[in-house]
Amino acid sequence: MPRTIDAKKLRSWLNDGDELALLDISDGGPFSRGHILVATGAPRASFETTIPRLVPRRSTRVVLTDGDGSTLAEAASLLESCGYSNVNVLANGNQGWAAAGFRLFSGSNIVSKVFGEIVEERLHTPHIDAPTLTSWMAEGQPYVLFDVRPLAEYRTVSIPGATNCPGMETIFRIPSTLDDPTIPVVVNCAGRTRSIIGAQSLREFGLPNPVFALENGTMGWQLHDFTPDHGQSNIVTEPVGDGLSSARSTAKTLAERNAVRFIDMPTLDSWLADESRTTYVFDVRLAEAFSLARLPGSVNAPGGQLIQSTDTFAAVRHARIVVVDEHEVQAVMTAHWLGRMGWDVAVLANPLDHLTEHGPDTRATLVQPDPQVHSIGADELVALTESGSCVIVDVGESYWYRQGRIPGSHYAMRSQLADALSQFSRDQTIVFCCSTGNVAPFAAGDARRLGFGKVRTLVGGRPAWRRAGGTFETIGDGDDPRLLTPTDDMWYPPWARAEGAREAMAEYLSWEVGLAEQLRAEEYLRFSPEFDFPR
């Protein structure tokens, strides 16, 4: 049976230095409106696919929380039935934490964001604002602009003239593209953190050019009423030949100068076999490279996103992290930053001979999907939709559903599926899809338990539909009859809000700048001594 603990006990555990996974199982919307600072969002709706990745060692001390404690018993029982032996629940959830006089925080990836603000302050990362950049454009002053967000974000909205180079790919790809060491390099993201880390990474990598973070990123650009671009797909290519050799040599020098630790494969194997401590293995390259050749058992966590949203990848406090890339470049810089964040981190040395797995990531799930749920391919779904003989229900991230849904498909939060499906007949064929193809089989199993006998899932989700040449449709900002539930499954960034986007962007940027002062009183949050809060 799971143990119930109170807020004071949890606070003591947060300070004791032992491993702890604090998991908030609320849906993404409620989580973003108020959660315990170092909790990882682990919605019950995606438990089956995320828990083995977030908490790989099943003897880890786990604490579950939610808004008021009302949904914890079922989730705790599921974990225990799957072999998790140290499961605890927080009495009255986040309400209990607040009632004890402890603070709840709004937003997402807060710890990573405040780390970025501290980096800018301590290392004096240079920045320019949007009006300055537009004056450079108008005057014809030479410069280059790199957007360090994932390609999907860059495609959604970008600054004119920006080329995409996500995260730690900056230090790998950008140096070989620059012939003139005097040309300014400007780095942007949507707001602040990733541009600060991206710009400072280039500076610490030894790029001779003057490097600037664009203050407030694309949101700052829009708040100054400058016109953004949409639909761009320009990305910096990987270096080859001398460019690759130079990147590897510079990374080696950086590692030596900053005492970045390397381990060999036997050491990693021994760490993974250690039942007393959690070891995460993250491949920090982009998804395309990860799918071509990877270390078996590793998790894809592109370096920039790993620094930007560490809590979404590594839920276990005080765990070890091993980072991998084939050339030992992106991994070195990622490890450099993780070490400054206070993580026990190492780079896998000489990884090439061990990158033996390829193809789609078929990581084990917490439980197996219902074997009575059958899957179909995109071609078969086309035929079903053309004949009008099925209903499509999308249970993926609602933002991406809004950006481009399979024509005619409905949306439902998995946590509210019973209400969502009540308008359909139990003899209808329902095809479930999602952003990746991973969550839909479990939602389909829920539907079967609700009495729907003809359920299917789309293999590969929306991406498979796109690859098969399927079309997409977007939806407007108003009510849509195909939204079967609220779209409260995730945190919506300010620029994606249907209403009040401008006000939300200004509020968000002000909130981000003020984070460090807010977090100073949370004594259990510690970075490395060089970057920790003065207390």
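Any read-out appearing in this document is the output of simple, stated calculations on the displayed coordinates, not a laboratory observation. Computed from a predicted model, the values in this text were never measured in an experiment. When we count neighbours, we look across all protein chains shown, and the Cβ atoms used for this are built from the backbone with ideal geometry, even at glycine.
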- Sorted by mean Cβ packing within 10 Å, highest first, what order do the peptides 258-270, 178-190 take? 178-190, 258-270
- Candidates [x] 4, 20, 31, 27, 14, 3, 0; [y] 3, 17, 27, 28, 18, 5, 0; [z] 3, 15, 21, 20, 15, 10, 7, 6, 3, 1, 0; which is the computed P(r) over Cα pairs in 10 Å bins from 0, in percent? [y]
- Note on the structure: Projecting the Cα atoms of 151, 219, 126 onto the charge dipole of the range 113-237, where Lys and Arg contribute +1 and Asp and Glu -1 at Cβ, the residue farthest towards the positive end is 151
- Item | Environment charge of residue 468, counting only residues whose C-beta is closer than 14 Å and scoring Lys/Arg +1, Asp/Glu -1 | 0
- Message: Within 15 Å, Cβ to Cβ, of residue 358, how many net charges do the neighbouring residues add up to if Lys/Arg are +1 and Asp/Glu are -1?
- Response: -3
- Item | residue 212 long-range amide H proximity, modeled H, under 5 Å | 185, 186, 187
- Item | For residue 430, distant residues with modelled amide H under 5 Å away | 391, 454, 455, 456
- Taking the mean number of other Cβ atoms within 10 Å as a proxy for protection, how do you rank 443-451, 224-232 from highest to lowest? 443-451, 224-232
- In the range 28-96, which trypsin sites (Lys or Arg not before Pro) are in a loop and have at most 13 other Cβ atoms within 10 Å, using DSSP for the loop call? none
- Task: Whole Å is fine, so just give me how far the alpha carbon centre of the range 7-73 lies from that of the range 372-408.
- Result: 32 Å
- Task: Please list the non-local residues whose amide H lies under 5 Å from the amide H of residue 262, H modeled 1.01 Å from N, same-chain partners needing a gap of 5 or more.
- Result: 347
- Among 250, 468, 90, the residue whose Cα sits farthest towards the positive end of the charge dipole of the chain, when +1 is placed on the Cβ of each Lys and Arg and -1 on the Cβ of each Asp and Glu, is 90
- Message: How far apart, in nanometres, would the label points at residue 403 and residue 68 be if each is projected 7 angstrom from Cα along the Cα-to-Cβ direction?
- Response: 3.4 nm
- Query: Under unit Cβ charges (Lys, Arg +1; Asp, Glu -1), what dipole magnitude, rounded to 20 debye, does the chain have relative to its Cα centre?
  - Reply: 920 debye
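Among DSSP beta bridges whose residues both lie in the range 3-107, state the antiparallel percentage, nearest 5. Don't jump to the answer; show the numbers that get you there.
Details: 1 of 13 bridges.
Percent antiparallel among DSSP bridges in the range 3-107 is about 10.
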- Please figure out what share of the DSSP beta bridges in the range 113-237 is antiparallel and state it in percent, rounded to the nearest 5. 10 percent
- One finds the C-alpha centres of the range 167-204 and the range 252-293 to be spaced, in Å, by 24 Å
- Message: Students often forget the sequence filter, so: which aspartates and glutamates lie under 18 Å Cα-Cα from residue 113 once same-chain residues fewer than 8 apart are removed?
- Response: 121, 147, 153, 215, 311, 507, 512, 517, 522, 523, 530, 532
- Query: Stretched out fully, how many nm does the piece from residue 179 to residue 468 gain, at 0.36 nm a residue minus the Cα gap?
  - Reply: 100.0 nm
- Query: Local charge sum around residue 199 (other residues, Cβ-Cβ under 13 Å, Lys/Arg +1, Asp/Glu -1)?
  - Reply: -1
- Message: Per residue of the range 441-458, what does 6.51 cos²θ - 1.76 cosθ + 1.60 with θ = phi - 60° give for ³J(HN,Hα)? Whole Hz please, x for Gly and Pro, Karplus curve as stated.
- Response: x, 6, 5, 5, x, 4, 5, 4, 5, 7, x, 8, x, 10, 10, 9, 10, 8
- Item | the chain - share of DSSP beta bridges that are antiparallel (%, nearest 5) | 10 percent
- Query: How many nm is it between the label spots at residue 368 and residue 423, if each spot is 7 Å from the Cα in line with the beta carbon?
  - Reply: 3.6 nm
- To the nearest 20 debye, what is the magnitude of the charge dipole of the range 253-354 about its Cα centre, counting +1 on the Cβ of each Lys and Arg and -1 on the Cβ of each Asp and Glu? 360 debye
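In debye, nearest 20, what is the charge dipole magnitude of the range 113-237 about its Cα centre with +1 on Lys and Arg Cβ and -1 on Asp and Glu Cβ, if you could check?
Its charge dipole is roughly 320 debye.
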